[in-house]
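The values are calculated or read from the model by the stated rules, or taken from the named source; none is laboratory data. These figures come from a predicted structure and were not determined experimentally. Note: ideal-geometry Cβ built from the backbone for every residue, glycine included; neighbour counts use all protein chains shown.
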Amino acid sequence: MSEQIKILLVEDEKNVGSTLHERLQKDGFHATLATTGTEARLEISHNNFDLVILDVGLPDDSGFEIAKTLRQKRPSTAIIFLTAFGSPEDRIRGLELGAEDYVTKPFHLKELFLRIKNALRRAKQLTQNTLDYENTKIGRALIHFARFEIETDRKILPLTHKECALLKLLITKKGKVVSRDEILNEVWGDNEFPTTRTVDNFIMRIRRMIEIDPEKPQIIRSVRGVGYQMYV
Ligand code: CA
């Protein structure tokens, strides 16, 4: 039998939490429920989850802050934010933190399950694509794709699978102009709707890791009105 997919559900509303927890287990997932930020952080530090469903508004913590920790510790874990606030800014913030998806309450269970399956499929696909990729030196940085890490100035920083996928795309197409739409398609897929600003912010983050002067990028250059071009 194949190994069970491990999901951490972080939700402080008792009804929502227990209903979802039950449904996840019924669907064959190995699901763990955490009702506070403290519990969630404890679970994250001890277990390697495939997916974390993360309520943004918690009594003792913020889902966004937990996502930041998760990204540092377990960059390959997929994240779906669950939230009562549906403002575009929150959505963008969530996606910029590397989340696969963002679901606003109240939601339809069927829809959430569809999104869970999509997120897991996408994360697996991105991980597999990246694992085959050899370590690559870019500028002053060395990217260890298989470990989701980038080594720069003797520091090792974690990369999310989206950052890896974006780097991989630019490396594969080095010297050519890659449009923002192409990046959105390759890295985010059809089921998510980040803005082109999300792409720009991801690029900025990567520039800070690999460029000598991120304000005057020499490696990932902007092509006005179109996208980006990598020079190595
Ligand atoms: Ca809540």
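Restricting segment 66-103 to residues that are farther than 24 Å from Leu126 by Cβ and within 16 Å of the ligand (Cβ to nearest atom) leaves a set whose member that is modelled with the highest pLDDT is Ala84.
In segment 53-65 there is no residue matching the filter, namely being more than 12 Å from the ligand (Cβ to nearest atom), over 20 Å from Gly189 (Cα atoms), more than 10 Å from the chain's Cα centre (by Cα) and part of a loop (DSSP other than H, G, I, E, B).
Could you please find all residues in segment 1-26 being of a type in the set (Lys, Arg) and within 22 Å of the chain's Cα centre (by Cα)?
Of segment 1-26, the ones of a type in the set (Lys, Arg) are 6, 14, 23, 26.
Lys6 - this is the single residue of segment 1-26 that is of a type in the set (Lys, Arg) and within 22 Å of the chain's Cα centre (by Cα).
If you go through segment 1-45 and keep only what is in a loop (DSSP other than H, G, I, E, B) and either away from the ligand (no atom under 16 Å from the Cβ) or without any contact (Cβ under 8 Å) to a residue 40 or more places away in the chain (or both), you end up with Met1, Ser2, Glu3, Gln4, Ile5, Asp27, Gly28, Phe29, Thr35, Thr36. In segment 97-119, the residue that is farthest from the chain's Cα centre (by Cα) out of those that are acidic (Asp, Glu) and closer than 16 Å to Asp55 by Cα is Asp101.
Within segment 182-196, work out how many residues are modelled with pLDDT under 90 and either touching a Ser or Thr at 6+ places or on another chain (Cβ under 6 Å) or in a helix (DSSP H, G or I) (or both). Residues in segment 182-196 being modelled with pLDDT under 90 and either touching a Ser or Thr at 6+ places or on another chain (Cβ under 6 Å) or in a helix (DSSP H, G or I) (or both): 6 in total.
Annotation: Val56 fulfils all but one of (1) closer than 22 Å to Phe107 by Cα; (2) at pLDDT 95 or above; the unmet one is (2).
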